[in-house]
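> Handing you a structure now.
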Amino acid sequence: MPKQTEKNRKFLLNMRSKIEDKDLEFFKTRNKAKYVLVKIKARVITTEFGNLVYKRRIYKYLENYTWKYVAFVDECFNFSKWSKIDPKLIEKIKQQIEMGERYQKIVDMFPLAKLSIMTISRIHQSMETYKKGK
């Protein structure tokens, strides 16, 4: 099991502070009449440097007589609602798949991410599904 280096820890702390600062900025400048703060919730995103844990604010707003929920900081950093893997890491994995690398070798390339072979397989399946849809 690889140890997390000081460089990796600094990257994760720097990224966390960027995300939380952006969240605080939006909190202070939002339209308070439209966006109502619901809660502050922690989220974990897997990056190639390890797990990134940050806190974000969840807001609700009224649209067509129904409440919609949104976390603006996730949209700002392109974190999809249900994905737990960093989009940049997914792109690197897709590049390796396109080059013909084996799943186990891809898992070994990102030891701090603690990915499984099944995760790589699902990313590959999503690529195939996207290609069929075109």
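> Quick one: which residue in Phe49, Phe72, Phe11, Phe79 is over 22 Å from Asp108 (Cβ atoms), in contact with a Phe, Trp or Tyr (Cβ under 9 Å, 6 or more places away or on another chain), aromatic (Phe, Trp, Tyr) and modelled with pLDDT under 95?
On the way: Phe49 fails: over 22 Å from Asp108 (Cβ atoms); Phe11 fails: over 22 Å from Asp108 (Cβ atoms); Phe79 fails: in contact with a Phe, Trp or Tyr (Cβ under 9 Å, 6 or more places away or on another chain).
Just one listed residue meets the conditions, Phe72.
> Could you list, in sequence order, the residues of segment 64-91 that are surrounded by fewer than 16 Cβ atoms within 10 Å (Cβ to Cβ) and assigned to a helix (DSSP H, G or I)?
If the condition is that a residue be surrounded by fewer than 16 Cβ atoms within 10 Å (Cβ to Cβ) and assigned to a helix (DSSP H, G or I), then Glu75, Cys76, Pro87, Lys88, Glu91 are the ones that fit.
> Does Glu128 satisfy the criteria of being assigned by TED's automatic domain parsing to the domain that holds Lys18, part of a helix (DSSP H, G or I) and either loosely packed, with under 15 Cβ neighbours inside 10 Å or touching a Pro at 6+ places or on another chain (Cβ under 8 Å) (or both)?
Here the answer is no, as Glu128 does not meet what is asked.
> Related question: Could you tell me which of the residues Asn31, Asn51 is surrounded by fewer than 11 Cβ atoms within 10 Å (Cβ to Cβ), not hydroxyl-bearing (Ser, Thr, Tyr) and not assigned by TED's automatic domain parsing to the domain that holds Ser116?
The match here is Asn31.
> Let me ask something else about it. Take segment 1-28 and flag every residue that is of a type in the set (D, E, K, R) and either more than 18 Å from Glu75 (Cα to Cα) or not assigned by TED's automatic domain parsing to the domain that holds Cys76 (or both).
Residues satisfying the conditions are Lys3, Glu6, Lys7, Arg9, Lys10.
The values are calculated or read from the model by the stated rules, or taken from the named source; none is laboratory data. Here the structure is a predicted model, which means the values were calculated and not measured. Every residue, glycine as well, gets a Cβ built from its backbone with ideal geometry; the counts of neighbours run over all protein chains shown.
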